[in-house]
Amino acid sequence: MSDKAKVNVVLIPSEGTWVAYVPALGIATDAASPDEAFSMAKEAVELMLEAGDQEALDLLEVAYSPDALLGSIEVDVPIGNKVRLSR
């Protein structure tokens, strides 16, 4: 038997794949579709927990916020710095 926990996951399209990033645990994985990326993120989190990663268990206490918002901001990048920007 196990408890359930919700974890926020950010999906980002990247060069033909979808990157699933779990900010609270600092892990990322990628897949061909959003659904597959979510599934792989779930598997990665569960593997961390099954391994008894105490830090991951502690982070789960603050890993989900039902009020979380996802947005993007535009920032100025100083000339001379190499940053691949998507437009």
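Here are the numbers:
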| item | result |
| --- | --- |
| Residues located in region 1-25, provided they are more than 20 Å from SER72 (Cβ to Cβ) and not acidic (Asp, Glu) | MET1, SER2, LYS4, ALA5, LYS6, VAL7, GLY16, LEU25 |
| Strands (runs of 3 or more DSSP E) enclosed by the chain - at least 2 residues per element that are in contact with a strand residue (DSSP E or B) (Cβ under 6 Å, 6 or more places away or on another chain), modelled with pLDDT of 90 or more and not β-branched (Val, Ile, Thr) | 17-22, 27-31 |
| Hits in region 7-42 (condition: among the acidic types (Asp, Glu) and in contact (Cβ under 8 Å) with a residue 12 or more places away in the chain) | ASP30, GLU36 |
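The values are calculated or read from the model by the stated rules, or taken from the named source; none is laboratory data. The structure presented is a predicted model; accordingly, all values stated were derived computationally and were not measured. Using ideal geometry, Cβ is built from the backbone for each residue, glycine included, and neighbour counts are taken over all protein chains shown.
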